[in-house]
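The values are calculated or read from the model by the stated rules, or taken from the named source; none is laboratory data. Quick caveat, the model's predicted, so the values are computed rather than measured. For neighbour counting, all protein chains shown are included, and Cβ atoms are generated from backbone atoms with ideal geometry for every residue, glycine included.
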Amino acid sequence: MASLSFKCITFSVWLEAGMCSGCFCKRVLNSCHETVLPHIHRISTAVSSRCTKGANASALEKEIGPEQFPVNEHYFGLVNFGNTCYCNSVLQALYFCRPFREKVLAYKSQPRKKESLLTCLADLFHSIATQKKKVGVIPPKKFITRLRKENELFDNYMQQDAHEFLNYLLNTIADILQEERKQEKQNGRLPNGNIDSENNSTPDPTWVHEIFQGTLTNETRCLTCETISSKDEDFLDLSVDVEQNTSITHCLRGFSNTETLCSEYKYYCEECRSKQEAHKRMKVKKLPMILALHLKRFKYMDQLHRYTKLSYRVVFPLELRLFNTSGDATNPDRMYDLVAVVVHCGRK
């Protein structure tokens, strides 16, 4: 592990305070600081090498400490099928997001549906949650097979991006849930014999949106007439730029920095009826239940004419309060607890 030269946080998951199911990750992170990767690796992948020896399953628990294992929690490594570390790490992070896990397990208990990425995920989570042992290893073969079948991007042995996989998985689950709801409405006709309108361009939100979705407001202020216009947009995660020797707080501050629109980028002001210089900034209007932050580790370098990976150290706290909220944000003082950090360590 020490021979690897890059330690890069791909994304971190923050859960509204008080909702964490275990706090195992929080305790581990608190004890290791910059050595976070070996500890997480011990849980998610190296477990397999230890648990194949049968009796050594309890040795792992003793090594980490029995006080770190909350009641009814299971810590199972996922077998790596060549290049599936990007997938395994995200699945581990999502499993320990209690609201998400509970919804997936509840879906498992519903009448059996045709196989999909969501049914495979539900089977995997159920398999982990019902294990008799607290630690062990499980091969997520069924899920990986389905993933590769549904998306050719992941149907190879190349390195993949954990953030792209997270986005694909959450959006796919939301699409599945919305399609099932649509089918249920079509099958259940209203008293007048008409089915619910299919022309609704905005599908109903799902529990994926209830858990992960927040809202940004894009505020633009004309420097001539001082008129402020705003436009809202939803997000499932926030992508923030990173700099050398920085912190999550600094990244969020940069995300909401005021940008001046001038020269050829002037803003067309409806009030002035002409292009004017303006100030623009992004703020969080609706805070999500679970906050996923993506650190943009790839930056285009003009001198190299290509993207390069930024291995900058980014400090992250165990508790986080968003300060870059809009004036009309609901519950702006919401406190988040750190649940998981997905780290990629390698040269690519």
Practice task
Take L291 and decide whether it is out of contact with any Asp or Glu (no Cβ under 7 Å at 6 or more places or on another chain) and surrounded by 14 or more Cβ atoms within 10 Å (Cβ to Cβ).
Solution key: yes
Problem - Test: residue in segment 76-97 that is touching a Lys or Arg at 6+ places or on another chain (Cβ under 9 Å), in contact (Cβ under 8 Å) with a residue 60 or more places away in the chain and over 24 Å from E164 (Cα atoms) - result: no
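Residue by residue, here is whether (1) assigned to a helix (DSSP H, G or I); (2) of a type in the set (K, R); (3) buried (at least 18 other Cβ atoms within 10 Å of the Cβ); (4) free of Cβ contacts under 8 Å to residues at least 12 places away in the same chain holds:
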residue	(1), (2), (3), (4)
L124	yes, no, yes, no
I128	yes, no, yes, no
G136	no, no, yes, no
K142	yes, yes, no, no
R148	yes, yes, no, yes
R181	yes, yes, no, no
Exercise for the section: Answer yes or no: is there a residue in segment 100-107 that is over 15 Å from the mean Cα position of the chain (by Cα), at pLDDT 95 or above and over 28 Å from G214 (Cβ atoms). Expected result: no
Handout entry: Selection status of R253, touching a residue at least 24 places away in the same chain (Cβ under 8 Å), surrounded by fewer than 15 Cβ atoms within 10 Å (Cβ to Cβ) and either closer than 22 Å to G327 by Cα or of a type outside the set (D, E, K, R) (or both)
Key = yes
Problem - Boolean, V208 is of a type in the set (A, V, I, L, M, F, W, C) and within 21 Å of L310 (Cβ to Cβ) - result: no
Fill in the blank from the handout: Note on L320: of the conditions (1) surrounded by 12 or more Cβ atoms within 10 Å (Cβ to Cβ); (2) more than 18 Å from the chain's Cα centre (by Cα), unmet is (2)
Handout entry: Residue check, K283 under 30 Å from E179 (Cβ atoms) and touching a Ser or Thr at 6+ places or on another chain (Cβ under 9 Å)
Key = no
Fill in the blank from the handout: Taking segment 216-242 and keeping residues among the charged types (D, E, K, R), closer than 15 Å to L261 by Cα and not in a strand (DSSP E or B) leaves E226
Exercise for the section: Kindly check whether there is at least one residue in segment 294-315 that is surrounded by 16 or more Cβ atoms within 10 Å (Cβ to Cβ) and closer than 20 Å to E233 by Cα. Expected result: yes
